[in-house]
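One structure is given below, encoded as structure tokens.
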Amino acid sequence: MTAAKSELELRREFNDLSLRLRPDLYRYAFWLGRDRQLAEDVVQEALLRGWKAFGNLEDASSAKAWLISIVRREFARTFERKRLETVDFKDFEEQLSSAEDDPRLDEMRHAIFELDDDYREPLALQVLMGHTAREIAQLMELSEGAVLTRLHRARARLKQALGMAQVADDSEH
Amino acid sequence: MEHEGKNLRDDNAGPGGDDAFESLLARALRIDVPAAGSPVATRRPRRWLSIAVAASVLIAVGVTVNNFYDARYFSSDDLATDVVAHMNHEPGSLRRTESVVATGEFDQVLQQAGARLSVAPPAVSYVRLCPFRGHMVAHFVVQASHGPVTVLLLPDERVDTRVAVDEDGFIGTIVPMQDGGSIAVVGKADEDISEVRDQIANALRWRL
């Protein structure tokens, strides 16, 4: 195999990978920043960075987790570099098409929007990406127990906001 | 301080306890995703810019920003439309400038995009490896006689014959390549793109 063929194969592999994962990477980035423009920029930059390093990725099975970590780093980098304004719910709402057939969907999105960043991110990783608590813990550099606690609180607060359940043992210390 | 491990057995810590809730949660998180390389439907000036910078950017790209609200860009199966939408997505590339990118940077992007040019075009003012329709492609801009001419190298986009581009004041051509794929060469309506188009078409080889 020539070096050129190897390069082309890598490019096609990465194209396939990015095509497959981009929707969920975009959604993850969106829920990190709650802004479509920011999500678009972060994912585009993350994919470019990912492509530059793709040839050095030893384990193809870890590509998804690897790209998620790049998106996360890129978001943090953007956050540090720019002075991000507080996201206003009205702006946020304008970016999402209203679910006319199910008003509960809008209510749920509003409730997710209102979650603290520390709770929203692990929830998105679990539900969107299918990450286990252990994988979330590794990514966010937390203990597994702390992740489970955050997931619990996130769900409890969403249920409370939607009037779907009792308030669980959710005290803050 | 969090109670680590306190809720290990709590249904709230994971999906499974409440199907209706989990279904609603998953649907809420799965927002619709714009096509790669196309502007988002509610595109706005970047939030983090200061008011002064935002104002100057808005003045500079006002026409382009207005174009983003054009419903024609929200979804398209048309290659020519997607090319122009992609150009509008990177308005910084569409400036008349005397700045040129380094040869090494240009060559690197082409290599990453699986392409090479036997003769490099003069006055390349912008180059980037971009996601476009699910593939990473080389996007560069040549400063021609009247202004910037955008070139996209599209090894995965096959066209049978030349396709005219005529969108939003841009004109151009998508040219089929002999070895497969195509190139899109697009400029403002008053620009003669033929020289750039023919030069790139003759010099381009895919890295196969």
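The values are calculated or read from the model by the stated rules, or taken from the named source; none is laboratory data. In this text the structure is predicted, and so the values were computed from the model without any measurement. Cβ placement follows ideal geometry from the backbone for every residue including glycine, while neighbour counts extend to all protein chains displayed. What goes into the accessible areas is simple: the full protein's heavy atoms, side chains included, and nothing from ligands, DNA or RNA. Shrake-Rupley method; radii C 1.70, N 1.55, O 1.52, S 1.80 Å.
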**Asked** Counting only other chains, what is the mean number of Cβ atoms within 10 angstrom of the Cβ of each residue in peptide A:154-161?
**Response** 4
**Message:** Order B:155-168, A:50-63, A:115-128, B:134-147 from most to least packed using the mean count of other Cβ atoms within 10 Å.
**Reply:** B:134-147, A:115-128, B:155-168, A:50-63
**Fill in**
Per the Kirkwood formula over distinct C-alpha pairs, the hydrodynamic radius of the range B:75-163 in angstrom is 13.7 Å
**Request:** Would you calculate the separation in nanometres between label points at B:A102 and B:A189, each defined as 7 Å from the Cα along the Cα-to-beta-carbon direction?
**Result:** 4.0 nm
**Request:** Compute the accessible area per residue over the range B:97-156, keeping the other protein chains in place, probe 1.4 Å, unit Å².
**Result:** 37 Å²
**Message:** Need one number: buried accessible surface between chains A and B, 1.4 Å probe, both sides summed, DNA, RNA and ligands left out, in Å² to 100.
**Reply:** 6000 Å²
**Asked** Is the shape of the range B:127-182 rounded, prolate or oblate, going by the alpha carbon gyration tensor and its root eigenvalues a ≥ b ≥ c, with a/c under 1.5 for rounded and a/b larger than b/c for prolate?
**Response** oblate
